[in-house]
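Have a look at the structure below, then the notes.
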């Protein structure tokens, strides 16, 4: 089941992503996670970098609140910041403890170049553009993880029993995260309607928005690539 309506802005951007979306959502990191074959050192490396990513992701959503002009968008962005800081990062830290990683160690870890490139790209799009540019740059992460979680949960080839990564699959395939995705898709459509009018691929801004979406999706691919290369295992 597709979690993104095809007629939504997100659906249009995904459909026109020229293969990037499948390369991201069906990356080898994801496929090996689904079968439990992903080396645990790779997953630990990903978890640490994802902690650092979430900090910058929170900053980007705070910037989105600043960029917003309507109270409902300010409220939505602020709620996302609060959810990231108060819930998701806390849950992430708790989850990392199950893999023998504590928060102090994660905070002391240097950002990988792939992590830095991705997070700074998102911030740059927000600083240089408007709220719509920033939301499009943020969308591949929010929506992609939901698409990955749903596909893995529905795929009979995914191993759930005895898979050490099952909790990750359950998190991103669950109803709570599906609601996060739905809110992201709805906000994108609302902001796009205000700035573009009818969502139409012929609009002059669509080419630039597609470039932003594709670039962020490629940076997600690089993030998975990074996860497969833990320090000392290159």
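The values are calculated or read from the model by the stated rules, or taken from the named source; none is laboratory data. Predicted, not measured: the structure shown is a model, and the values here were computed from it. Don't worry about glycine lacking a Cβ; one is built from the backbone with ideal geometry, like all the others, and counts go over all protein chains shown.
Of note:
- Yes/no for residue 30 being buried (at least 19 other Cβ atoms within 10 Å of the Cβ), under 18 Å from the mean Cα position of the chain (by Cα) and modelled with pLDDT of 95 or more: yes
- Members of region 163-177 that are over 20 Å from residue 50 (Cα atoms) and either touching a helix residue (DSSP H, G or I) at 6+ places or on another chain (Cβ under 6 Å) or modelled with pLDDT of 95 or more (or both): 163
- Residue check, residue 81 assigned to a helix (DSSP H, G or I) and within 21 Å of residue 230 (Cα to Cα): no
- Verdict on residue 182 being in contact with a helix residue (DSSP H, G or I) (Cβ under 7 Å, 6 or more places away or on another chain) and either crowded, with 18+ Cβ neighbours inside 10 Å or not in a loop (DSSP other than H, G, I, E, B) (or both): no
- Among the residues of region 33-51, not one is under 15 Å from the mean Cα position of the chain (by Cα) and outside any helix (DSSP H, G or I).
- Any hit, region 60-78, residues being assigned to a helix (DSSP H, G or I) and either within 27 Å of residue 152 (Cα to Cα) or touching a strand residue (DSSP E or B) at 6+ places or on another chain (Cβ under 8 Å) (or both): no
- Among the residues here, residue 105 qualifies as over 15 Å from the mean Cα position of the chain (by Cα) and either more than 28 Å from residue 210 (Cα to Cα) or assigned to a helix (DSSP H, G or I) (or both).
- Residue match in region 11-25 (condition: under 19 Å from the mean Cα position of the chain (by Cα), part of a loop (DSSP other than H, G, I, E, B) and surrounded by 21 or more Cβ atoms within 10 Å (Cβ to Cβ)): no
- Scanning region 162-174 for residues that are in a helix (DSSP H, G or I) and more than 15 Å from the chain's Cα centre (by Cα) turns up 166, 167, 170.
Conditions tested, residue by residue: (1) touching a strand residue (DSSP E or B) at 6+ places or on another chain (Cβ under 6 Å); (2) surrounded by fewer than 18 Cβ atoms within 10 Å (Cβ to Cβ); (3) in a helix (DSSP H, G or I); (4) free of Cβ contacts under 8 Å to residues at least 12 places away in the same chain.
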site	(1), (2), (3), (4)
147	no, no, yes, no
151	no, no, yes, no
160	no, yes, no, yes
176	no, yes, yes, yes
188	no, no, yes, no
199	no, yes, no, no
210	no, yes, yes, no
225	no, yes, yes, no
230	no, no, no, no
